[in-house]
Structures are given as C-alpha cells and as structure tokens.
Amino acid sequence: EWRRSFIPAGGILEDTVKNEIQSGKAYMFGHDKNNRPCIIARPCHHTASKRHLEKTEKFSIFLIEHAIASLPPGIDSFVCILDFAGYCYANFDMKMAKFAAKVIPQNYPE
C-alpha cells in the first residue's frame, strides 16, 4: 500500500527529482566487485534548511528503485556507500533520517 501511495504508476520520473540529481548528494556509480549496483551518498551536499522534504524523500526512493532495476540476474542486493567527507551540522536532517529509518526497512527488506 505504501508503494502505491508514494510511487506513482510508472515509477518516479527523473524529471521530478532533477534538482536532487544535479545536487550531487547521491548518485549511481556502476557495480562493485560482486556485480552489485552501487549508490554513493554524499551528505555534505545536502543542506537540511534548504531542502524540500518530499522531493528529497522521492529522490532517495528513486535511487533505491533505480538500483533494484539495475540488479543483474542472480544478484539480489545493492550497495550504498556513505561518504561523510566535508559533512557538518548544517547537513544533518532529522526528518530525512526518520524517513529513511522507517521507510527503507519496512519496504525494502534485505
């Protein structure tokens, strides 16, 4: 039910998260040595006071969905690397952290 209400039919379109993509705060980066898709997250490029929460949430799910769609046959997981270089207090986003802590484990179990 969450999926139907949060993700529109046809998925989250790239155009709807274009600004988030261009921010460089997270992106797909090929595959690791075990052929799992990789997401690189760079929270130093996220400023909590300047973000639009719903768009940031959609962007995080867009990346997860993209990683899942990129799974090669026989591979059932992806990698997310958090690069905290340059991270400071202004980057911390409690609402986004709560969203991720609730939504990801409930809807994308290992």
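The values are calculated or read from the model by the stated rules, or taken from the named source; none is laboratory data. Remember, it's a predicted structure, so these values are computed and weren't measured experimentally. A quick note on method: Cβ atoms are made from the backbone with ideal geometry, for glycine too, and the neighbour counts reach across all protein chains shown. Side chains are part of the model used for accessible areas, which takes the heavy atoms of the whole protein and leaves out ligands, DNA and RNA. Shrake-Rupley method; radii C 1.70, N 1.55, O 1.52, S 1.80 Å.
The table below gives the values:
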read-out	value
Accessible carbon and sulfur surface of the chain relative to its total accessible area, %, 1.4 Å	56 percent
Accessible area of SER70 in the full protein assembly, 1.4 Å probe (Å², nearest 10)	40 Å²
Length-normalised contact order of the range 37-110 in % [C-alpha pairs under 8 Å, at least 6 apart]	51 percent
Exposure ranking of TYR87, TYR108 by accessible area [1.4 Å probe, largest first]	TYR87, TYR108
Heavy-atom accessible area per residue - the chain, 1.4 Å, Å²	67 Å²
Matching label, P(r) over Cα pairs in 10 Å bins from 0, in percent computed from the structure shown, candidates [x] 13, 46, 35, 6, 0; [y] 11, 16, 12, 10, 10, 9, 8, 7, 6, 5, 4, 2, 0; [z] 13, 30, 24, 17, 11, 5, 0	[x]
Sequence of MET28, MET94 when ordered by accessible area, the most exposed leading, probe 1.4 angstrom	MET94, MET28
Amide H partners (placed H, <5 Å) of VAL79, local residues excluded	CYS38, ILE39
ARG42 - accessible surface, heavy atoms, 1.4 Å probe, Å² rounded to 10	70 Å²
Under 12 Å, Cβ to Cβ, from GLY86 - net charge with Lys/Arg +1 and Asp/Glu -1	+1
Dipole magnitude (debye, nearest 20) for the chain, charges at Cβ of Lys, Arg, Asp, Glu	280 debye
